[in-house]
Amino acid sequence: MTQVYRVESPERLTELLLDRGKNVVAPVAQGAVHRFLKIDSVKQADFGYFQAQMSMKGLFLPATEGILKFTVGEKEPRIEEPDLSFPETVIVGSRPCDAAALPIQDKIFEWDVVDEFYKNRRDKTTVVSIACTYADNNCFCTSMGLAPDSSSGSDLLLVKTDGGFLAEAVTEKGEALAGALGLGPVGEPGDRQAASQKAAELITRRFDSEKIPGWLAANFLDPLWEEMCSKCIGCAACTFVCPTCHCFDIVDEPVGTSGERRKNWDACTLWHFTVHASGHNPRDLQHKRYRQRIMHKFNYYRERFGAFLCTGCGRCIRVCPVSLDLAQVLEEISARAG
């Protein structure tokens, strides 16, 4: 049985962490948007937010990072190995759709070759999520097998109740953190779904995700792609705000006889992602590039790892400058699949 604790509020839990000298990351308001940033005071955090514009992805997979330094021009090239030591960190205030992206990313970065940068950050980080009490018309987590109070990816899940918050210890990390903070266990948690149920009722986007992989596998050349996806302009905004997209490029950036090898985010919706040295591009039209994004998320990844590469957070819909609605595309596919 999951151990459940009582906590007054996310703010009080954050105060306890900061008092103990913990490295804390939380949602911080910057104008009209929220971002996950390191905080030194609980006053910097805003836990009443709906959703951060950028997910937690960048905390584990930075948009750009150096992976080694090199010097040439000597007898032998000299390589300076990177520092893989990362601080113990607690993220407080993520949403369940963001936390659920972490086990999805784990399958990629801890698969055949372990990405030590990613793994070390994951090992050193404890995630405290807050169940949603609100949803908008772009949310579709329930169609992806999740819910406003899903615990996947969280170490400690805070759920709002009439008497404060319940803190569910989902993992050993979560139990260790609750114990270190002296949280009091709750014998009978009662109805912990009331607030989150209100959020679930606000989610209007509905489709059967289980029908999608089969249709995708059988309809690679269907006219749907050109009909619905040609308006994509290839800006990659959807990819960069997505908590599960993870493609990256590796480039050497020399300055004189030295330089740095860097890992940078990349995106399958960008023209240069598949362009050959000859200039030929097998995905020569934009709707083919957007098709690849959907194929990867809802067929290829599912085929390999048994899960979807999407948590239904809706960020891609909110940020798209041409209103290309992923949920609408998926609804159409699900309807066509019968």
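Laboratory data are not the source of any read-out in this text; all were calculated from the coordinates shown. Since the model is a prediction, treat every value here as computed from it, not as a measurement. With ideal geometry, Cβ positions are generated from the backbone for all residues, glycine too; neighbour counts draw on all protein chains shown.
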Might you report the magnitude of the Cβ-based charge dipole of the chain about its Cα centre, with Lys and Arg at +1 and Asp and Glu at -1, to the nearest 20 debye? 560
Ellipticity estimate at 222 nm from DSSP helix runs (n ≥ 4, -39,500 (n - 2.57)) divided over the chain, nearest 500: -8000 deg cm²/dmol
For the chain, give me every cysteine whose Cβ has no other Cys Cβ within less than 4.7 Å, ordered by residue number. Cys132, Cys139, Cys141, Cys229, Cys232, Cys235, Cys247, Cys268, Cys310, Cys320
Let me know the longest stretch in the chain that avoids all GluC sites (Glu not before Pro) found in a DSSP loop with at most 15 other C-beta atoms within 10 Å. 89-338
Cα extents of segment 1-114 along the three principal axes, largest first (Å): 63, 33, 31
Just want to confirm a number: the relative contact order over the chain, from Cα pairs under 8 angstrom separated by 6+ residues, in percent. 21
To two decimal places, what compactness ratio does segment 3-337 give when its Cα radius of gyration is scaled by 2.2 N^0.38 Å? 1.07
